[in-house]
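The values are calculated or read from the model by the stated rules, or taken from the named source; none is laboratory data. Note that the structure is predicted; figures quoted are calculated from it, not measured. With ideal geometry, Cβ positions are generated from the backbone for all residues, glycine too; neighbour counts draw on all protein chains shown. Side chains are part of the model used for accessible areas, which takes the heavy atoms of the whole protein and leaves out ligands, DNA and RNA. Shrake-Rupley method; radii C 1.70, N 1.55, O 1.52, S 1.80 Å.
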Amino acid sequence: MTAQAIIQSLASGLLMGLLYGLIAVGLALIFGLMDVVNFAHGEFLMIAMYVSFFLFAFFAIDPLLSAPLVAAALFVFGAVVYLLIVRFAMRAKTNAGMVQIFSTFGLAIVMRGLAQFFFTPDYRSVPHSWLGGKTISVAGIFLPEPQLAGALVSILAFAGLYFFIHRTDFGRALEATREDPGAVALVGIDKNRVFALGWGLGAALVGLAGAIMASFFYIYPDVGASFALIAYVTVALGGFGSVFGAFAGGIIVGLVEATTALVLPPSLKSVGIYAVYLLVVFIRPRGLFGSM
Amino acid sequence: MTITRRDVLLGATATAALVPLAARAQTSEVVIGVIYPFSGGSAQQGIDAQKAYETALEVINKDTDFDLPLAKGEGLPGLGGAKVRLVFADHQADPQKGRAEAERLITQEKVSAIIGTYQSAVAVTVSQICERYQIPFVSADNSSPSLHRRGLKYYFRASPHDEMYSAAMFDFFDALKKKGTKIDTLSLFHEDTIFGTDSGNAQAKIAGERGYKIVSDIKYRANSPSLSAEVQQLKSANADVLMPSSYTTDGILLVKTMAELGYKPNAIVAQDAGFSEKALYDAVGDKLEGVISRGTFSLDLAQKRPMVGKINEMFKARSGKDFNDLTSRQFMGLIILADAINRAKSADGEKIRDALAATDIPGEQTIMPWKRVKFDETGQNNDADPVLLQYVGGKFVTIFPPQAAIAEAIWPMK
């Protein structure tokens with residue numbers, strides 16, 4: 001094993017990890033806000049990839065350019081999902097937790113089925129994007145441009161989210177609703193609007209991730225599944241309810257995955273992730289940055 | 001009204017005795033179960049397979065003018081012109097769902113035989129259920145060598161398995177070496193279900209026997225979100241030949257990641273699967289000029305056997321695609337099965353089994369470059385000669401073995 005191979009693995013792991021972080025942040029945001037796990041998170045990612053793909057196929061808009069459009073579309077979609085489904089699921093008098101799980105889980109299955117029906121199960125990809133297939137090589141270390149762009153977008157999006165939560169009125173309303181949904185009603189904050197905003201934001205973030213990924217990953221109706229599992233682990237590892245934890249967790253997962261594949265057979269590369277996850281929940285059950 | 005196997009049997013025997021030939025045409029039908037992934041990650045393979053089987057069904061049930069078993073005349077003459085009906089079931093690439101669907105097809109749909117399954121891992125469970133109910137299972141497109149070595153009596157495979165394919169690859173390497181090409185080191189790259197594992201094992205074994213050095217043997221997790229660590233290892237090994245055994249999704253990601261990490265192998269010789277899929281070439285075909293994949297089918301054959309081209313057109317009208325290695329085998333699988341049912345003159349599982357065991361179809365009466373279709377005692381056809389195809393200028397040309405080749409191999413690939 002050469003030093004170059006180690007650096008290359010770490011670099012690849014970091015780029016992938018930033019993307020895992022971006023995917024997980026949306027999930028953590030929604031969970032932190034209202035204690036609801038969005039089991040359709042992977043399908044949100046899948047829809048974003050398709051939107052990006054179709055914008056490319058029909059209007060020749062590069063995935064990098066369409067990313068804000070896709071994020072906006074997913075924002076609306078996320079808010080609508082909250083208003084049409086989750087809002088009602090949360091009102092359940094009995095077994096509220098189960099009702100929430102099954103409503104988003106059911107949504108995931110419906111979305112997958114519809115995607116297969118309308119888009120066919122064929123594998124799509126964006127063949128000629130601006131950055132697609134291009135690579136920067138620094139001292140023998142290869143950094144694929146689409147992933148680099150993804151990492152940059154991840155960092156910007158996270159910074160933007162951080163600013164939004166801590167510096168704007170809406171962000172403060174978000175935080176306040178998170179702390180005490182009952183009390184905010186007394187000061188005139190509409191809980192439903194805040195929750196819808198939260199869902200919209202969460203979906204928009206995963207939408208960004210999907211758009212970026214469309215330039216280097218294949219697209220098919222089940223594509224969300226493998227990323228969603230990692231996102232759940234990432235959120236649990238980083239700390240339930242912590243947006244910062246989810247982002248850091250993503251980076252850790254990416255790095256651990258890459259280094260595991262370096263020392264163990266690649267078919268065992270997820271073992272490292274789950275081992276670290278187990279270790280963290282043993283020592284610190286609320287996750288690395290969890291506040292609950 | 002539902003027609004059971006017994007009805008078909010009774011109907012056929014009774015009519016044979018009592019009714020004049022002409023009146024028998026509408027007596028009955030024979031039901032065959034078709035198990036494929038119709039949802040989930042491999043759903044496209046199931047949908048393509050369905051089109052292949054419907055094409056075969058048209059050849060069997062309608063009067064066509066091909067030199068194939070059952071092509072001329074309508075339906076199965078041995079069963080009084082009975083028509084074949086297909087019942088499709090979805091196994092979602094899950095061996096346990098495959099097992100349940102096989103059981104349902106046999107007990108509720110009363111199928112006379114089952115054909116499938118794309119994934120070898122599913123073929124394992126489906127064939128076990130068939131064995132228990134004494135219903136023949138035709139493995140149309142599974143290539144794992146371990147499948148026919150389980151002592152099953154009702155298992156049949158007309159197409160080659162991965163050891164035969166791998167042997168053909170090494171025959172090809174040997175031939176190139178004799179002409180002075182340097183091929184000493186190999187990198188194996190295979191997914192971690194039965195297909196990739198069996199393929200990797202077969203290649204490692206033959207490599208050892210024939211004195212090739214495996215410098216990296218990577219078994220990877222199927223449907224991984226990232227393959228950069230794996231490609232990194234392939235790159236540092238830098239073998240003379242990269243030999244992947246991957247389904248479509250992983251194949252696309254592999255090729256993309258190779259380009260991103262600046263790994264350009266001298267040659268890629270692939271074990272079909274994803275590397276026979278149009279979707280893969282749509283996605284990354286520009287990076288695959290000169291890739292070699294094994295196959296059982298080649299459209300080149302249409303030059304020698306015009307019916308291959310005509311049947312391909314029939315399939316293309318349904319699916320929008322040319323026959324590939326998988327769909328051609330699926331087509332032939334149903335023809336071979338229906339031929340056996342016809343000769344069995346019965347819809348009974350055991351009689352069909354015996355008829356399958358007695359199958360002897362010359363290669364010219366298939367759409368494949370095979371010598372013949374004749375099963376050994378394990379249900380394997382050892383006369384199914386594999387071919388090697390090279391992707392040149394957007395299509396595949398046959399380069400090996402010499403008797404089937406229409407072009408010289410381009411080596412290194414580019």
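How far, in degrees from 0 to 90, does helix A:96-119 lean away from the longest principal axis of the Cα atoms of chain A, to the nearest 10? It is inclined by approximately 50 degrees. Normalised by 2.2 N^0.38 Å, where N is the number of residues, the alpha-carbon radius of gyration of segment B:254-402 equals 1.21. Measuring against 28 Å, Cα to Cα, the residue pairs B:Lys287/B:Lys321; B:Lys177/B:Lys316; B:Lys321/B:Lys345 contain B:Lys177/B:Lys316; B:Lys321/B:Lys345 as the ones spanning a longer distance. Quotient of the Cα radius of gyration of segment A:161-292 and 2.2 N^0.38 Å, N being its number of residues: 1.25. Around the amide H of B:His190, modelled in the peptide plane, lie the amide H atoms of B:Ile218, B:Lys219, B:Tyr220, B:Ser245, all under 5 Å away and 5 or more residues distant in sequence or on another chain. Taking each of B:Lys153/B:Lys205; B:Lys205/B:Lys371; B:Lys182/B:Lys414; A:Lys93/A:Lys191; B:Lys179/B:Lys235; B:Lys51/B:Lys219 in turn, the alpha-carbon distance tops 21 angstrom for B:Lys153/B:Lys205; B:Lys205/B:Lys371; B:Lys179/B:Lys235; B:Lys51/B:Lys219. Only Cα sites of segment A:1-152 enter the Debye sum here, all with the same form factor; the resulting log10 I(q)/I(0) across q = 0.09, 0.13, 0.15 1/Å is -0.39, -0.75, -0.93, listed in q order. Per residue, the convex hull spanned by the alpha carbons of chain A comes to 139 Å³.
Taken per residue, the accessible surface of segment A:212-292 reaches 36 Å², heavy atoms only and a 1.4 Å probe. Of all DSSP bridge pairs formed entirely within chain B, close to 30 percent run antiparallel.
Which one of A:Val25, A:Val81, A:Ala139 has its Cα pushed farthest toward the positive end of the charge dipole of segment A:1-148, where Lys and Arg give +1 and Asp and Glu give -1 at the Cβ? Of the candidates, A:Val81 comes out farthest on the positive side.
Relative to the Cα centre, the charge distribution of the protein assembly as shown, modelled as +1 at Lys and Arg Cβ and -1 at Asp and Glu Cβ, gives a dipole magnitude of about 540 debye.
If you bin the C-alpha pair distances of segment A:219-280 every 5 Å from 0, what whole percents do you get? Bin by bin from 0 Å, the calculated values are 4, 20, 25, 23, 17, 9, 2. Whole-Hz Karplus values for segment B:113-118 come out as 6, 10, 10, x, 9, 6 Hz, taken residue by residue from phi with 6.51 cos²θ - 1.76 cosθ + 1.60 and θ = phi - 60°; glycine and proline positions read x.
Along segment A:154-164 the Karplus relation, 6.51 cos²θ - 1.76 cosθ + 1.60 evaluated at θ = phi - 60°, assigns HN-Hα couplings of 4, 5, 4, 4, 5, 4, x, 5, 4, 4, 4 Hz to successive residues, with x for each Gly and Pro. Helix B:325-344 and the longest principal axis of the C-alpha atoms of chain B enclose an angle of approximately 30°.
Principal axis analysis of the Cα atoms in segment B:173-214 yields extents of 36, 16, 15 Å, listed in decreasing size.
A Cα-only calculation for segment A:72-214 places Rg and Dmax at 19.4, 61 Å.
Debye-formula intensities of the protein assembly as shown, expressed as log10 I(q)/I(0) at q = 0.06, 0.10, 0.11 Å⁻¹, are -0.40, -0.99, -1.13 (one equal scatterer per alpha-carbon, no solvent). When the P(r) is computed for segment B:161-262, the part past 23 Å accounts for 25% of the Cα-Cα pairs. Between B:Phe170, B:Phe297, B:Phe195, the GNM of chain B built on Cα springs shorter than 10 angstrom shows B:Phe170 fluctuating the most.
Sorted into 10 angstrom bins from 0, the C-alpha pair distances of chain B split as 5, 23, 32, 24, 11, 4, 1, 0 percent. Both radii are taken from the alpha-carbon atoms of segment A:105-145; with Rh as the Kirkwood radius, Rg/Rh is 1.30. Restricted to Cα atoms, segment B:23-169 shows a radius of gyration and a Dmax of 15.8, 53 angstrom.
With all protein chains in place and a 1.4 Å probe, the accessible surface of segment B:101-158 carries 46 percent carbon and sulfur. For chain B, the longest principal axis of the C-alpha atoms and the axis of helix B:120-133 are separated by about 20°.
For segment A:207-225, heavy-atom accessible area (probe 1.4 Å) falls by no less than 20 Å² from the chain alone to the full protein assembly at A:Phe216, A:Phe217, A:Tyr218, A:Tyr220, A:Asp222. Highest-first packing order for the peptide set A:157-165, B:160-168, B:334-342 is B:334-342, B:160-168, A:157-165, based on the mean count of other beta carbon atoms within 10 Å.
Phi angles of segment A:229-234 translate, via the Karplus equation with coefficients 6.51, -1.76, 1.60 and θ = phi - 60°, into HN-Hα couplings of 4, 4, 4, 5, 4, 4 Hz per residue; Gly and Pro are given as x. A convex hull fitted to the Cα coordinates of segment B:90-190 yields 107 cubic angstrom per residue. If only the Cβ of Lys and Arg carry +1 and only the Cβ of Asp and Glu carry -1, the dipole of segment B:22-147 around its Cα centre is close to 340 debye. Using only C-alpha positions, report the orientation-averaged shadow area of the convex hull of segment A:172-247, nm², one decimal. If you wrap the Cα atoms of segment A:172-247 in a convex hull and average its projections, you get 6.1 nm².
Averaged over its residues, segment A:1-153 has an accessible area of 43 Å² per residue, based on protein heavy atoms and a 1.4 Å probe. Over all distinct Cα-Cα pairs of segment B:228-313, the Kirkwood formula returns a hydrodynamic radius of 14.1 Å. Stokes-Einstein diffusion for segment B:151-200, with the hydrodynamic radius set to the Kirkwood value over Cα pairs and evaluated at 37 °C in a medium of 0.692 mPa s, equals 248 µm²/s.
For segment B:189-241, a Kirkwood hydrodynamic radius built from all Cα pairs, placed in the Stokes-Einstein relation at 4 °C and 1.567 mPa s, yields a translational diffusion coefficient of 109 µm²/s. Amide H contacts under 5 Å for B:Val30: B:Lys83, B:Val84, B:Arg85, restricted to partners 5 or more places along the chain or on a different chain, H placed in the peptide plane at 1.01 Å from N. Compare the Cα positions of B:Tyr155, B:Ser246, B:Ala407 along the charge dipole of chain B (+1 at Cβ of Lys, Arg; -1 at Cβ of Asp, Glu; about the Cα centre) and return the one farthest towards the positive end. The one lying farthest along the dipole's positive direction is B:Tyr155.
Largest GNM mean-square fluctuation across B:Ile218, B:Ile352, B:Ile60, computed for chain B with C-alpha springs under 10 Å, falls on B:Ile218.
A cut-off of 5 Å between modelled amide H atoms, ignoring neighbours fewer than 5 places along the same chain, links B:Phe375 with B:Thr359. Here the convex hull built on the C-alpha positions of segment A:143-206 has a volume of 71 cubic angstrom per residue.
Against the compact-protein benchmark of 2.2 N^0.38 Å, the Cα-based radius of gyration of segment A:1-66 scales to 1.53.
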